Amino acid sequence: MKQDFLKYQAQTSPYPLGMEISHAVGSYIYDTNNKKYLDFVAGVSAVSLGHQHPKVNQAIKDQLDKYSHVMVYGEYAQHPSVAYCKLLVENLPPNLNKVYLVNSGTEACEGALKLVRRVTGRSQLISCHNAYHGNTMGSMSVMGFEERKQIFRPLIPDVDFITFNNEEDIQKITTKTAGIILESIQGGAGFIEPQNDYLVKIKKRCEEVGALLILDEIQPGFGRTGKLFGFENYNVIPDVIIIGKGMAGGMPVGGFVANEKYMDLLSHDPKLGHITTFGGHPVIAAACLATLEEILEKDYSNQSLAKEKLFRELLVHPLIEQIRGKGLMLAAMTKNSEITNKVILKCQEKGLILFWLLFESCAIRITPPLTISENEIREGCSIFIEAMDEILSELKNC
């Protein structure tokens, strides 16, 4: 299977891990040799309730027995998507009261960027250095990592960049700015939290000049950081949020949310201001609804903070310089990329799945399912420490 994987599927890097997957249940993934791996990555923050969650699976099966795709987005009223959007809005601030469902986080970013230009009549977009918001042409235009962008230029014009947490840069938001897009916690850059009321100051500046604030909640969202959404930790209410990853328990989905007075502009002048064939797909929406209901019912948001505390207590080692992030969006930082690579690969050999971040080569991603148990955290951290002990010993013997 691995040979066919490399031969017939386009690859994203020269050296994919290539694990041959048999099945996955709860916090574990099994390969075709029936070796089990404790999953500390959750499909890069997407499998929020663990693998094969029974309520999510049942919701998918029940909806399949009723109907699947029947019409392009925005034409028919379909219960799963209507019920989901209603429940989501009921758990958001009052100004975020209308949802557009799409197929992925990057498509949600595209919609949000179009929306702020449509609302303001302006063209300038501002993003941050080392930001990541997706990989389509619009999303790539607001990605703050030139090495990944240069070969694909020209991209969307009139995009400028500031430095996350740099307060002097806030003045670069002007009356020419349609919108600024930020991650509520910078993901690919190394799980960097806003400091010193940075997001509050950004929003204040936006209000002063008539620009809109888009917050990207694709990674922090849906209970991962101690609140349902990351921005709730930082005393700010954005004009638009982008959602994806963990919202459907591992199914492909995205969305953007804003005030109805803004969202309604996409329906006219011109009509069909944003369209999608499969957005709001009833089977996916059923998974979204089951996932959100379970996160709210079991209070997984609050549980993530207690689990964070346990991770921080257990992951103490000379090779770990610090642990960044919040809740179950954590990154263990090492001295250099060589150590990071060794830890990730050695842990996989020992049955623990860890992963890299996009732009910060010293970071080890720790984003397990929200459902991970205390015993599973202890099990995984024991493997983690064992692997680092071996690497430390190797380094001392060099």
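Table for the structure above
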{"read-out": "Within straight-line cross-link reach of K342, lysines at Cα separation under 19 Å, skipping those fewer than 8 residues along the same chain", "value": "K350, K396"}
{"read-out": "Karplus-derived HN-Hα couplings along the range 64-76 (A = 6.51, B = -1.76, C = 1.60, θ = phi - 60°), whole Hz, x at Gly and Pro", "value": "4, 6, 9, 6, 10, 6, 10, 6, 4, 4, x, 9, 9"}
{"read-out": "The chain: most fluctuating residue of E294, E308, E20 per GNM, C-alpha cutoff 10 Å", "value": "E20"}
{"read-out": "In order through the range 136-152: 3J(HN,Hα) via Karplus (6.51 cos²θ - 1.76 cosθ + 1.60), integer Hz, x for Gly, Pro", "value": "7, 5, x, 5, 5, 4, 9, 7, x, 9, 4, 4, 7, 9, 3, 5, 9"}
{"read-out": "Two-site FRET efficiency, F278 against N95, from Cβ-Cβ distance with R₀ of 25 Å, rounded to 0.05", "value": "0.35"}
{"read-out": "E207 versus D65: modelled label distance in nm, points set 7 Å from Cα along the beta carbon direction", "value": "5.1"}
{"read-out": "Shape category assigned to the range 52-94 from the gyration tensor of Cα positions, a/c cut at 1.5", "value": "oblate"}
{"read-out": "Nearest-20 debye value, the chain charge dipole, Cβ charges on Lys, Arg, Asp, Glu", "value": "400"}
{"read-out": "Rg ratio (alpha-carbon, reference 2.2 N^0.38 Å) - the range 13-86", "value": "1.49"}
{"read-out": "Percent of Cα-Cα distances greater than 23 Å, calculated over the range 170-310", "value": "43"}
{"read-out": "Charge tally in the Cβ shell below 15 Å around D389, where Lys, Arg are +1 and Asp, Glu are -1, D389 excluded", "value": "0"}
{"read-out": "Using alpha carbons only: equivalent-ellipsoid semi-axes of the chain, gyration tensor based, whole Å", "value": "34, 26, 20"}
{"read-out": "Share antiparallel - DSSP beta bridges, the range 100-237, percent rounded to 5", "value": "10"}
{"read-out": "If the convex hull is drawn through the Cα atoms of the range 274-361, its volume per residue in Å³", "value": "174"}
{"read-out": "Rounded Å value of the spacing that divides the Cα centres of the range 102-117 and the range 30-75", "value": "23"}
{"read-out": "The chain, helix-only ellipticity at 222 nm - DSSP H runs n ≥ 4, -39,500 (n - 2.57), divided by all residues, nearest 500", "value": "-11000 deg cm²/dmol"}
{"read-out": "Under DSSP loop assignment and at most 13 Cβ neighbours within 10 Å, longest chymotrypsin sites (Phe, Trp or Tyr not before Pro)-free interval of the chain", "value": "77-398"}
{"read-out": "Restraint check, K35/K326; K86/K227; K176/K201; K35/K346; K2/K36, Cα-Cα greater than 21 Å", "value": "K35/K326"}
{"read-out": "Extension gain from Y30 to L17, taking 0.36 nm per residue of separation minus the Cα-Cα distance", "value": "3.2 nm"}
{"read-out": "Backbone HN-Hα couplings from phi across the range 227-235 [Karplus 6.51/-1.76/1.60, Hz, Gly and Pro as x]", "value": "10, 4, 10, x, 4, 5, 7, 10, 6"}
{"read-out": "Under 5 Å, built H, 5+ apart or other chain: amide partners of W356", "value": "R365"}
{"read-out": "Mean projected area in nm² (Cα convex hull; one quarter of hull surface) for the range 355-398", "value": "4.0"}
{"read-out": "Over the range 73-221, volume per residue of the alpha carbon convex hull, in Å³", "value": "124"}
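Values in this text are rule-based calculations from the coordinates and carry no lab data. Values in this document were obtained by computation on a predicted structure and should not be read as measured data. Quick reminder, even Gly has a Cβ in these numbers, built from the backbone with ideal geometry, and neighbours come from all protein chains shown.
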